[in-house]
Structure formats: C-alpha cells, structure tokens
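Asker: Right, I'll just put the structure down here and ask away after.
The values are calculated or read from the model by the stated rules, or taken from the named source; none is laboratory data. Here the structure is a predicted model, which means the values were calculated and not measured. No Cβ is skipped: glycine too gets one built from the backbone with ideal geometry, and neighbour counts run over all protein chains shown.
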Amino acid sequence: MPEKFSKWVACWGNATSITDRKEATYAKDLTLRYPIRACFSGNKLRFHFSNLTGTEPVTISEAYVAKSAQSASSAAYSPTSITFGGHTSAAIPAGEEILSDEIAFDVTAGETFDVSLYFADFTQMNAGTAITGPLSGGKYSYGNFAKSATLPDDLTRKTNWIYFLNTIDIFTEEKNFALVCFGDSITAQDWPDYLTLRCAREGFNNVAIIRRAVSGTRILREYSCITYAAYGLKGATRFPIEMNVAGARTVIVQHGINDIIHPVGVEVNKFRPWSDMPTADDLINGVRSLYITHARKLGLKIYSGTLLPIYGWRTYNENRDIIRMAFNQWLRTAPDFDGCVDFDKAVCGHDNPKAFANGFDSGDHLHPSAKAYEAMAECVPEKLLK
C-alpha cells in the first residue's frame, strides 16, 4: 500500500513586513499564541519564521505546537517542542528567514492547533503583519505561558499582528495544494478567511488558502520614513520572497490601488509627491515584469484580481478612477493571465459602478464591509479550488 502522506504543502501563511513604528518597538518576557485551523490531515509539520524586516537578530527562546484547548481538554493539552537543528531555541538573523526541523505531529483536517512562541530577552518586534478575518488573529501574554493550556486573563490581550511566524507546511496527501492570495490591505483583511470557510462548506477539501498581503503596499514604490514604514515593501521585493510556498499551484494578484490613491503632492505631504502617480501603463508594465514573469518561472498559474471602487475615498478624483478603470480593463482581458477574478464586478453598485453596492462599503469608501468580503470570496471561480 502506498504511503498516505507524500509531500509538503503550505497549510497556513502570511506575509512578513515592517510593523507599525510606535514608541515601543521591543518586547521582553512575552508569549505569542496563534490558533491555526488545519485544512488538511497530515503527520508532520514544519515552521517558517521570518525576520525579513528586522534590523537585528531575534531569538525565539521556546516554541511549541499543541492541539488547542478547544480540540482537546485542558488536561490533555500536550505541547510538542518546535526544534531547530535539534535545539529548542533559535536566532533569526536580521533580514533572514529560518525553517524549523520537521516535527512529528498528527493533524486531522478541520481541527485547530496552537503555535506558541516565547521571547525571554529584549526582542525587536519589527517583522510581522496585521491581518483580520473570522479565522485570523492571536493573543499575547506577559510572561512565559507557552506551554500552558490557557493564557491568564489578567496578563493577556488579543492581537491581529502576526509576528515572525510566516508559513506552516504540513506533510500531507499528494492531491492537496495551495492557492496564494497576494495583495494589500484588501487581502490582509477578511476575504481569504471567507474563502477558506467557503472551501470547507462546499467540500473543496484539497486546497489551502495562503495569504500574502500587507496593508498599504504598492506595486512600484515603497516608503523610507517611519511614518509609513508599515505600508511595507514594494512588489519587486515582496513577490519573489512571498511566492516561496510549498505545493502552490496558483496565485491571485489583487494589487495596485495604493499606487493610485497615495500621491497627494509635497504641499500636502512631503512623503507623497505627485511624481509617484503612475499611469495605467506603469501599473501594467509593473505587473508584467514583477509578477507574471516570476510566477511563470515558478510554474504557477496567475489570475488577476480587479481593483475595487474608490468613489468617496478621501483622495478620490476622476483622474484616479480613470487610471483604475483602465488598469481593470487590462486585468480582465490581458492574455498574460490564466484568468481574472473580477472582484470589482462582485462588489460595485449597479446604478453607480464607481462606488460600492449598498451595504458593501465599510464606511471609508475604500475597504469592503464583511458582507462584501464574503461576496469577494464567493466570486473566486471553482476551478481554482478544485
């Protein structure tokens, strides 16, 4: 009988970017815990940790994986050490990523396991990304509770920042694969989670939705000031790194709106000159040279994702929307892609296609509502999920 599990596939993943530059940038004696929903069954895990945007080494003092208290009783909570070359701690050099040892750990599709990290010494919290959605987020505690079944209420808070933990691979069946969702805040928010829930509901049980998204990022440029550092790395830097996804077959790219809406002129904001404003051709050439070319080198199928309405956004003007619509027309029709996921069509208004449909605007006229994020997940073609 052939071995049931035969290959590594990413089952969870996020981008790693520059965290928001607040007054406090270091932590000490800190536990991070992230619950992970298993989309596949398997018998081994391996963990990618990233300090890509850090400027000094980060030491993980202890790391564990355990079936969550929701999946197993507290009494049965049994953490397994995540090791690195046989050691229970590891340093992540500045600007680099590391991979754990392969950890024997039986996982059943649909259950939840916790990844807990403890940082004993002063740790630069400069590498991570913020995500939202019904399956996203974690907790942090002051003190070492990495092996505890529950975290103390008085020392614990929720967080949507994912620090250092970048990707989790599972040793699973040959039929399983990963679908990568690449983008900015629209993708860092809820629709990839709703797509995961849709897959579970509709029986697409062989696909993992891997999110590679950072709020504020642009295709063509990035900021060098601490005010906007968390807007992250530009596409030329991000894409080759973030497509390192075991078992990936396809990537959906929904990116470019920040290139259009950010420039306001140095009279208004010295970091956002009008010279940053791209033409539609600039965006097209950027996607071709940065994303399509690299995806083809990796043997990935690449689907375009149209840009959403911006009517009413604080920097909206007609010229910006002309650029958006011209770019969208190319995204819909260019033979460079294997297809298009028309997110714009899924969420725009019928009477005014420049704006969100009724109930689909979060209120800022740029980001969708939860209902609209569900609509985005629903419009992904089934053939990408099978």
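Asker: Give the number of residues within segment 316-375 that are of a type in the set (Val, Ile, Thr), farther than 21 Å from residue 191 by Cβ and surrounded by 15 or more Cβ atoms within 10 Å (Cβ to Cβ).
Answerer: Of the residues in segment 316-375, the ones of a type in the set (Val, Ile, Thr) are 322-323, 333, 341, 347.
So of that shortlist, the ones also farther than 21 Å from residue 191 by Cβ come out as 322-323, 333.
Among the residues that remain, those that are also surrounded by 15 or more Cβ atoms within 10 Å (Cβ to Cβ) are: 323.
Going through segment 316-375 one residue at a time, the tally reaches 1.
Asker: Could you say whether any residue in segment 78-96 is over 23 Å from residue 11 (Cα atoms), assigned by TED's automatic domain parsing to the domain that holds residue 61, in a loop (DSSP other than H, G, I, E, B) and in contact with a Lys or Arg (Cβ under 6 Å, 6 or more places away or on another chain)?
Answerer: The answer is no, given that none of the residues of segment 78-96 is over 23 Å from residue 11 (Cα atoms), assigned by TED's automatic domain parsing to the domain that holds residue 61, in a loop (DSSP other than H, G, I, E, B) and in contact with a Lys or Arg (Cβ under 6 Å, 6 or more places away or on another chain).
Asker: Identify, from the list 196, 156, the residue that is touching a Lys or Arg at 6+ places or on another chain (Cβ under 8 Å), modelled with pLDDT of 95 or more and not assigned by TED's automatic domain parsing to the domain that holds residue 124. Please lay out each step first, then the result.
Answerer: Working: 156 fails: not assigned by TED's automatic domain parsing to the domain that holds residue 124.
So the residue among 196, 156 that is touching a Lys or Arg at 6+ places or on another chain (Cβ under 8 Å), modelled with pLDDT of 95 or more and not assigned by TED's automatic domain parsing to the domain that holds residue 124 is 196.
Asker: Something else now. Conditions: (1) among the aliphatic types (A, V, I, L, M); (2) outside any loop (DSSP other than H, G, I, E, B); (3) touching an Asp or Glu at 6+ places or on another chain (Cβ under 9 Å); (4) farther than 17 Å from residue 99 by Cα. Residue 69 meets all but one. Number of the miss?
Answerer: Of the numbered conditions (1) among the aliphatic types (A, V, I, L, M); (2) outside any loop (DSSP other than H, G, I, E, B); (3) touching an Asp or Glu at 6+ places or on another chain (Cβ under 9 Å); (4) farther than 17 Å from residue 99 by Cα, the odd one out for residue 69 is (2).
Asker: So which of 377, 370, 355 ends up being assigned by TED's automatic domain parsing to the domain that holds residue 186 and within 21 Å of residue 258 (Cβ to Cβ)?
Answerer: Numbers: 377 fails: within 21 Å of residue 258 (Cβ to Cβ); 370 fails: within 21 Å of residue 258 (Cβ to Cβ).
Step by step, each of 377, 370, 355 is checked, and only 355 is assigned by TED's automatic domain parsing to the domain that holds residue 186 and within 21 Å of residue 258 (Cβ to Cβ).
Asker: If you don't mind, another one. Taking the condition over 25 Å from residue 178 (Cβ atoms) and surrounded by fewer than 16 Cβ atoms within 10 Å (Cβ to Cβ), does residue 293 pass? Working first, answer last.
Answerer: Numbers: over 25 Å from residue 178 (Cβ atoms): no; surrounded by fewer than 16 Cβ atoms within 10 Å (Cβ to Cβ): yes.
It is false that residue 293 is over 25 Å from residue 178 (Cβ atoms) and surrounded by fewer than 16 Cβ atoms within 10 Å (Cβ to Cβ).
Asker: Tell me which residues, restricted to segment 322-352, are in contact with a strand residue (DSSP E or B) (Cβ under 6 Å, 6 or more places away or on another chain) and either touching a residue at least 60 places away in the same chain (Cβ under 8 Å) or outside the structural domain of residue 290 (by TED's automatic domain parsing) (or both).
Answerer: Across segment 322-352, the qualifying residues are 338, 341, 343.
Asker: Please give the strands (runs of 3 or more DSSP E) falling wholly within segment 150-257 in which 1 or more residues are touching a Ser or Thr at 6+ places or on another chain (Cβ under 7 Å) and of a type in the set (Ser, Thr, Tyr).
Answerer: Details: elements: 156-159, 161-163, 165-172, 177-183, 207-213, 248-254.
In segment 150-257, the matching strands (runs of 3 or more DSSP E) lie at 156-159, 165-172.
Asker: A follow-up question, please. List the residue pairs whose Cβ atoms are under 8 Å apart, where the first residue sits in segment 273-300 and is closer than 14 Å to residue 234 by Cα, the second is surrounded by 14 or more Cβ atoms within 10 Å (Cβ to Cβ) and among the hydroxyl-bearing types (Ser, Thr, Tyr), and the two are 6 or more positions apart or on different chains.
Answerer: From residues that are closer than 14 Å to residue 234 by Cα, the pairs are 287/304.
Asker: Output the residues belonging to segment 97-109 that are in a strand (DSSP E or B) and surrounded by 17 or more Cβ atoms within 10 Å (Cβ to Cβ).
Answerer: Initially, segment 97-109 is screened for residues in a strand (DSSP E or B), giving 97-99, 103-107.
Hits for segment 97-109 are 97, 98, 103, 105, 107.
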